[in-house]
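Right, one structure below, let's go through it.
The values are calculated or read from the model by the stated rules, or taken from the named source; none is laboratory data. Quick caveat: nothing in here was measured; it's all calculated off a predicted structure. Glycine gets a Cβ as well: all are built from the backbone with ideal geometry, and neighbour counts include every protein chain shown. Accessible surface is based on the protein model in full, side chains and every heavy atom, while ligands, DNA and RNA are left aside. Shrake-Rupley method; radii C 1.70, N 1.55, O 1.52, S 1.80 Å.
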Amino acid sequence: MTGYERFMIALLRKGEPDRVPLWELIINEPTLSAWGAKSLEEFVEMEDLDGITIFEDMKLEPLGTAEQKELVWRGRTILTGTRQVVRDEWGIIWGITDFGIPYPIDGPIKEPADLKTYTPPDPEAPHRLQSLREAVKKFKGRRAIVFLTHDGFEFPHYLRGGMENLLLDYYDNPRLAHELAEMVIDYKIRLMRKAIREGADAVVSGDDYANQHGTVMSPQHFRQFVLPYLKRSIDAAHDEGVPFIKHTDGNIWAILDDLVQAGIDALDPIEPAAGMDIGEVKAKYGDRIAVIGNVDCSFVLTRGTVEEVEEAVKETIAKASPGGGHILASSNSIHPAVKPENYKAMVEAARKFGRYPIDPELVAQYRNRNYIAKYLKAA
């Protein structure tokens, strides 16, 4: 069975593949090159992952030192030397860490008048899908190609120069909030449709709506300012014939019914440290969505032992894998604090214990456990 077949059988809930598929939203250094991989594509091949996430290509204008040269941001940018500050094609200012991870600093829309003269980037620009085209040539039919998009929350708050500014708009300037979301979703849907037509097998929206305590906005504001734009994106993906994965960190119990009813095909990453038990999610929604995740990357993959990683994998498989509809991944991403040896242990344990049919003794032994509890208690 190819990685593509394995991934899509699980994502579309078409029964049990030969084993639980493996995928990650993002893989950063130091894990990325720990075994000699020089790119994400090489890493996916070396680790035999079943899917790969591809970002759109964005030109970046370096700001600051004269020695900085033009960069092309392909989702993750590995840079040498000092930290850099760049402006992307949206006019958003980003800092880039030593590990190549971007973080937003400022945005171009300071007040409603700025939006009247603002022009978003061109989703049809020839360079926009170069990484996707390369991935299609290399992986099409062998591994699932998952194109990362966004819906109506993250880019609006990037454009406003901070999440707090957009959340205040929900109260003080709802018209601006909707206009921003409308502009962003128009771009993102046009680009997503193009990506699907050029070979993407699935799409994932990366907008995060919550932290460990709950949603960063009220459920009412989510339904007013975010959900309609998410629904349009889901419908567009389905119109093009591909499944839609929703990624969001945090405790999302308050809006999970809304996400499922909007038509998502899968939920990622179901963060255990935020009170999101993957077994509970599957029991409640597994007849409508696939579940993706959720080996903890806050404590277990960063500070745990190899043995603790294996125990977390066994519990995750016991809770989520029986019957299919489960793709194993971390609880967020393989970020810089993850120990490469722990990621390796996660992959190896998944292959060892994730063969179908799942061992019923393993299920009976682990399905009622809660490995994250001891880490949260210690924290």
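For the reader, a short list of remarks on this structure follows.
- Hey, Ile270 under 16 Å from the mean Cα position of the chain (by Cα) and on the phi > 0 side of the Ramachandran plot or not: yes
- Restricting attention to the stretch 27-55 and to residues that are charged (D, E, K, R) and surrounded by 14 or more Cβ atoms within 10 Å (Cβ to Cβ), the residue that is nearest to Glu134 (Cα to Cα) turns out to be Glu41.
- Residue, surrounded by the most Cβ atoms within 10 Å (Cβ to Cβ), within the stretch 338-351, restricted to residues that are more than 15 Å from Ile327 (Cα to Cα) and of a type in the set (Lys, Arg): Lys339
- Cross-chain or 6+ apart pairs with Cβ under 8 Å, the stretch 89-102 first and at positive phi, then of a type outside the set (D, E, K, R): Gly91/Gly107; Gly91/Pro108; Gly91/Tyr118; Gly91/Leu159; Gly100/Asn28; Gly100/Thr77; Gly100/Ile78; Gly100/Leu79
- Residue count for the stretch 207-247, restricted to those that are under 14 Å from the mean Cα position of the chain (by Cα), among the small types (Gly, Ala, Ser) and open to solvent by less than 10 Å² (accessible area, probe 1.4 Å): 0
- Segments classed as helices (runs of 4 or more DSSP H), wholly inside the stretch 221-287, with at least 3 members that are at pLDDT 95 or above and closer than 23 Å to Asp169 by Cβ: 227-239, 253-262
- The residue that is farthest from Gln212 (Cα to Cα), counting only those in the stretch 352-375 that are of a type in the set (A, V, I, L, M) and surrounded by fewer than 16 Cβ atoms within 10 Å (Cβ to Cβ), is Ala364.
- Filtered residue count, the stretch 288-300, keeping only those that are farther than 27 Å from Ala237 by Cα, assigned to a loop (DSSP other than H, G, I, E, B) and not polar (S, T, N, Q): 3
- Residue in the stretch 316-336 that is charged (D, E, K, R) and closer than 28 Å to Asp265 by Cβ present: yes
- Any hit, the stretch 321-330, residues being in contact with a Lys or Arg (Cβ under 7 Å, 6 or more places away or on another chain) and either open to solvent by 10 Å² or more (accessible area, probe 1.4 Å) or among the polar types (S, T, N, Q) (or both): no
Listed here are the residues, each with its yes/no results for (1) among the basic types (Lys, Arg); (2) in contact with a Cys (Cβ under 9 Å, 6 or more places away or on another chain); (3) more than 20 Å from Ile9 (Cβ to Cβ).
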residue	(1), (2), (3)
Asp296	no, no, yes
Ser331	no, yes, yes
Ala337	no, yes, yes
Pro340	no, no, yes
Met346	no, no, yes
Pro357	no, no, no
Pro360	no, no, yes
Gln365	no, no, yes
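- Comparison of Pro126, Pro120 shows that the only residue that is of a type outside the set (Ser, Thr, Tyr) and either at pLDDT below 95 or at positive phi (or both) is Pro126.
- Count of residues meeting criterion [open to solvent by 40 Å² or more (accessible area, probe 1.4 Å) and either acidic (Asp, Glu) or over 23 Å from Gly15 (Cα atoms) (or both)] in the stretch 248-294: 7
- Of the numbered criteria (1) open to solvent by 40 Å² or more (accessible area, probe 1.4 Å); (2) in contact with a Gly (Cβ under 9 Å, 6 or more places away or on another chain); (3) farther than 21 Å from Pro219 by Cα, the one Glu182 fails is (3).
- Residue that is nearest to Arg143 (Cα to Cα), among those in the stretch 36-55 that are touching a residue at least 40 places away in the same chain (Cβ under 8 Å) and over 18 Å from the mean Cα position of the chain (by Cα): Asp48
- Only one entry of Leu60, Leu11 meets the criterion of being open to solvent by less than 50 Å² (accessible area, probe 1.4 Å) and either closer than 20 Å to Ser331 by Cβ or among the small types (Gly, Ala, Ser) (or both), and that entry is Leu11.
- Residue in the stretch 301-313 that is within 19 Å of Lys246 (Cα to Cα), of a type outside the set (Phe, Trp, Tyr), outside any loop (DSSP other than H, G, I, E, B) and open to solvent by less than 10 Å² (accessible area, probe 1.4 Å) present: no
- Pairs where the first residue, in the stretch 216-232, is farther than 13 Å from Leu259 by Cα and the second is open to solvent by 70 Å² or more (accessible area, probe 1.4 Å), C-beta under 9 Å, 6+ apart: His221/Tyr171
- Hits in the stretch 28-53 (condition: part of a strand (DSSP E or B) and either of a type in the set (Gly, Ala, Ser) or in contact with a helix residue (DSSP H, G or I) (Cβ under 6 Å, 6 or more places away or on another chain) (or both)): Gly51, Ile52
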